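This report concerns only the one structure given below.
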Amino acid sequence: MPSLWDRTQALPNESFKQVENGVYGDNFPFEVRFQLAVWIEENFFNQPVEVKQEDPGSANLVIKLAQQLLIQLESHIQSIPNDPDKILMKRRLEEMQFNLKTRYNSNPAALYMQLRQCLEKEAAIVNLAANIAPGSIEQSKDQKIRHSLSTLKQRSNSTNLQLEQYRNEQELVTSEIYSFREADAKLQQYASAGSVEDVKRMKPVHDKRKASLEHKFNALCTARNAILSDIVFTVNEVKTVQHTVLDEELINWKREQQLAGNGKAMCMSLETLQEWCEALATVIWSTRQHIKDLERLMSSLPDSSNPLVTIKQLATEVTELLSGLVTGTFIIEKQPPQVMKTNTRFTATVRLLVGGQLNVHMASPQVSVSIISEAQANLLLKAPNQSQKRKEDYNSGEILNGQGNMEFHAATRQVSVTFRNLQLKRIRRTEKKGTESVMEEKFSVLFWTEFQVEL
């Protein structure tokens, strides 16, 4: 049977967030739970100890387990090499260890009870999620996507923490560089003035300080390259998950929607798709901010091997991912009728699945409705990037009341617009030849929008 931690990592994004922030948060370091997952479960969860007044030995055992936890954490910290790419994580764990000792030094039993409560709450959330979703092939794939999104969220949070730590380290090194330059200038003055004794006195300290500063600078370079590698990995994982969500799951939903027009019941939930797309939008948006922060830090303290080209390439890729996600999630939630007559009213609803997540970053987009020929529709499908320049070029008739603004509905977290009084006023058909019938010509209703996301 999978461990509790394995099942926790497979939780949906919102449930995992509840465990990370609601269960642990200020109660117990979530990073320690992760680093000592197996040991903690074996000693604190699988065989819990109940403290009983009639059994003084139980209290002693609890205290002993709490002390062993701190010892185990210290041992784990010491096992982490002092490599530049590991030093930030090591320092974070050292700080967490110090805080735990300070908080529970006088009452180690409280540490045991606190961690036990966290584990019980974590297990309750995991079991609740398992009961809600009985197993099936579709749900197995659902869980896989949720797990991937959860992992991406964790990596994004980890990168954010690494950047914060790195920023602090760079500020300290930058300050030391300025101070060293002042000392170096002073040394050069003494050398120019012929103050041999002063130079001889200052030179050993100066050289030692220079060597130390070079070591710290090289460690910074290694650390930020490690952060860059993590970001590259995240971007590649986002590409994979986004392909699954947009090119497989969303396409399947659209196919089900088509069949539903013939009376077949739909199995896929649009709300689930929106949840996944919003999770992707969150990770992409955070990753883009991470890239901007890292680029700014690299520019302020450059070195000869700065991979700024890679940074700029990543920024372009992330922007393309966000653009693809936005355009791919602009969908027709309620389709117009398959057969339309002129001067007959009909309705339709379009929705932006990531609109709720990006609402604060974009203006309310306007949606236009027009009717286009089959040839025009095929042209758009074949070359959307090149063809979607002017909507005026794709019009084969007139639809009344075909203008509307998408709005954010707080209750449902949906960004959508419903056209309630659409009316096909006229249609422009191509000239028929020979025995061709009017019924052989097909048309499509085109929903068109243009908007910008404030990057």
Original post:
So for the chain, taking the charge dipole from beta-carbon charges (+1 Lys/Arg, -1 Asp/Glu), which of Thr240, Thr418, Asn160 sits furthest toward the positive end?
Top reply: Thr418
Original post:
Cα gyration tensor of the range 4-132, axes a ≥ b ≥ c as square roots of the eigenvalues: rounded (a/c below 1.5), prolate (a/b > b/c) or oblate?
Top reply: oblate
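Where does each of 370-382, 253-265, 150-162 land if you order them by average Cβ count within 10 Å, highest first? Could the numbers behind the result be given before it?
Details: 370-382: 16.2, 253-265: 11.5, 150-162: 18.6.
Final packing ranking: 150-162, 370-382, 253-265.
Show me 118-127, 270-279, 167-176 ranked by packing, highest mean number of other Cβ atoms within 10 Å first.
On the way: 118-127: 17.5, 270-279: 20.0, 167-176: 14.4.
Per-residue Cβ counts within 10 Å, averaged per peptide and sorted highest first, yield 270-279, 118-127, 167-176.
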Subject >> Given (i) 56, 36, 15; (ii) 49, 39, 16; (iii) 46, 29, 21, the label whose value is semi-axes √(5λ) of the Cα gyration tensor in Å derived from this model >> reply: (i)
Original post:
Pairs Lys90/Lys216; Lys90/Lys292; Lys334/Lys382; Lys121/Lys153; Lys64/Lys101; Lys254/Lys334: which are spaced more than 18 Å apart, C-alpha to C-alpha?
Top reply: Lys90/Lys292; Lys334/Lys382; Lys121/Lys153
Original post:
Which number do you get for Rg(Cα) / (2.2 N^0.38 Å) in the range 154-328?
Top reply: 1.64
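Computed from the coordinates by the stated procedures, all read-outs in this text should not be read as laboratory data. Everything numeric here is computed off the predicted structure, so don't read it as measured data. Every residue, glycine among them, receives a Cβ derived from its backbone with ideal geometry; neighbour counts consider all protein chains shown.
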